[in-house]
1. Counting only DSSP beta bridges with both residues in the stretch B:96-224, tell me the antiparallel percent, nearest 5.
2. Got the B:Asn291 label distances to the other copies yet, label 7 Å along Cα→Cβ, in nm, shortest first?
3. Using a Gaussian network for chain B with springs between C-alpha atoms less than 10 Å apart, which of these wobbles most: B:Arg70, B:Arg147, B:Arg200?
4. Measuring nothing but label to label, 7 Å from Cα along Cα→Cβ, what are A:Gln263's distances to the other copies in nm, shortest first?
5. Could you identify which residue out of A:Val285, A:Val60, A:Val87 has the top mean-square fluctuation in a GNM of chain A using Cα springs shorter than 10 Å?
6. Convert 25 °C to kelvin, take the viscosity as 0.890 mPa s, use the Kirkwood radius over C-alpha pairs of the stretch B:194-312 as Rh, and evaluate the Stokes-Einstein diffusion coefficient in µm²/s, rounded to a whole number.
7. Under a Cβ-Cβ cut-off of 12 Å, what is the net charge of the residues other than B:Ile310 that fall near it, where Lys and Arg count +1 and Asp and Glu count -1?
8. Divide by every residue of chain A the summed helix terms, -39500 (n - 2.57) for each DSSP H run of at least 4, and state the resulting mean residue ellipticity at 222 nm, rounded to the nearest 500 deg cm²/dmol.
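The numbers here are math on the coordinates, done by the rules we state, and not lab data. Quick caveat: nothing in here was measured; it's all calculated off a predicted structure. When we count neighbours, we look across all protein chains shown, and the Cβ atoms used for this are built from the backbone with ideal geometry, even at glycine.
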Protein chains: 2
Amino acid sequence: PIGMTVKLANCESVFRNILSKIDTFLFDCDGVLWQGNIAVKGAPAVVAHLKSLGKQVCYVTNNSTKSRHRYVEKLTRLGFPADVNSVFSTAYTSALYLKNIAKVLVQGKVYLVGNPAMAEELDSLKIQHFGSGPDNQVTTQDHDEVRSCALENDVSAVLVGYDGHISYTKMIKAASYLNDPKCLYVATNEDHRMPLNGERHVVPGTGCVVASVTVAAGRNPDVIAGKPGTFMLKCIQQTVEIDPTKCMMVGDRMNTDILFGNQSELHTLLVLSGVEDQESLNKAVESSDPNMKRQVPEYCMGSIGDWYAIYE
Amino acid sequence: PIGMTVKLANCESVFRNILSKIDTFLFDCDGVLWQGNIAVKGAPAVVAHLKSLGKQVCYVTNNSTKSRHRYVEKLTRLGFPADVNSVFSTAYTSALYLKNIAKVLVQGKVYLVGNPAMAEELDSLKIQHFGSGPDNQVTTQDHDEVRSCALENDVSAVLVGYDGHISYTKMIKAASYLNDPKCLYVATNEDHRMPLNGERHVVPGTGCVVASVTVAAGRNPDVIAGKPGTFMLKCIQQTVEIDPTKCMMVGDRMNTDILFGNQSELHTLLVLSGVEDQESLNKAVESSDPNMKRQVPEYCMGSIGDWYAIYE
């Protein structure tokens, strides 16, 4: 139900209405539950309150740099009730995709442009992989130097996520494996960037790493394991029973969280405690571009903590 | 004159016709004059022949990894007549843009995501710059780690070209400088990739590096110093007198060389000794997409060497 009007969720009647029809809440994490290493004010109490009312709560994040266990630690440390079965991060869902959907991979190896959390989740599902960590070969565009990059055989997929060691040599290898049209190209997510409010620094998103491989490979990813890809919902449904008509996606980013919710026919709630502000929301609401229209949320409020002020 | 029919240039009457109307030839290098480190058969003799007929010859390349002096060395080694004033490579034209067009830069510094040749050309024009070479800080997406990347002041432009040391930390810095809307974003070129015929390896183009910065910065480059940007022609015209109606761009890539020629209203000749083949040419000719139509050449032949067979 994507309308041109966005309902404000920070009043009691709307909150009661949401509680009466929603039995499962999917929470994005950064920008919704916390900012950096600090919990959003009131957010832990709100999540605990929802749990006490018998609601199912899942944590659904595009961040690929933490394993599920690390997420449980962070959630717990910041005061959110969590266990490993309630966490769906792209380090895990991308591994799950390779294991369960791209079954061809039982035979082959994965070239990983990623990080230790992704390696850990691949290991946990017994998927053979290589490429994690620094690749110290420095390479120019000289054809002979490029040819000197050793390629392994039986690589049936390239998996790309956040990689603090991204390098030109890794781009060569990823593009060369993907030169084989049978080699699958899986990306965790394509989040562009995270501006730090009012600061000079910008946090480049995993989309930067994915974009470099995509241009080198001349192919788009076959699958995005995170939001807005709808595979994320299939992952969650393997563990949690979900009736989409009674499920709400709560997020701070329209082109991932809200688009995911709308494409999966869930209810959606945008909070303005992260990437988006009133201006970017208005722009989407007023846009005539169908791609923007699909990013308009059903509900909106300042932050999850606003609910605490209502019921408290 | 972009027609739906492409004239074959490898017969005597067409060659004579071209010689009678063209007084300046702009040659792309890799894929046209040479492949890797080997001259295209007959190409040196053809270029020498054109010179002996009194034609002006310039070398116009998107490659940013060699200074003009290094290009003269390579051209000479492979048998092409060349001096430094006939070479226009993007390491040079990007520096020229910063110096002559973006005059604001006399006051500021350039953050360079590039290579030693780019640094050399910036030095030759006395432009202050920093950032060249490896940046050994390894950074994650943790906000505090991102904030720990030191930023300099008075950075008035970010220049991005081929960088064998591209890293996540460089993406952070480039995106953070470009967070200031007054900071200019200049890219040498956006070439995507260079497949090595029939081989597994792929050479990722500078477009991979540019794409990663573009996604992180949330901005497109303000200027592309190379083809298909028309600034390239302005650079050439600072040194060489050119009447576009009597000038021909000879290249192997439609989305750079031929698009540049068409946008600059030059005559265009596509050779199939590099990136494109008959199939990709046909696709462009038959396409109804206006962007593809602008990439259709006026003339086409297998390689520059075909002319040698005609007049020899």
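1. Working: 3 of 16 bridges.
That works out to approximately 20 percent antiparallel.
2. Ordered by increasing distance: 1.0 nm.
3. Residue with maximal mean-square fluctuation among B:Arg70, B:Arg147, B:Arg200: B:Arg200.
4. 3.1
5. Its mean-square fluctuation being the largest, the pick is A:Val285.
6. On the way: Rh = 16.1 Å.
The calculation lands on 153 µm²/s.
7. -2
8. Working: 13 runs with 108 residues, N = 312.
That comes out to -9500 deg cm²/dmol.
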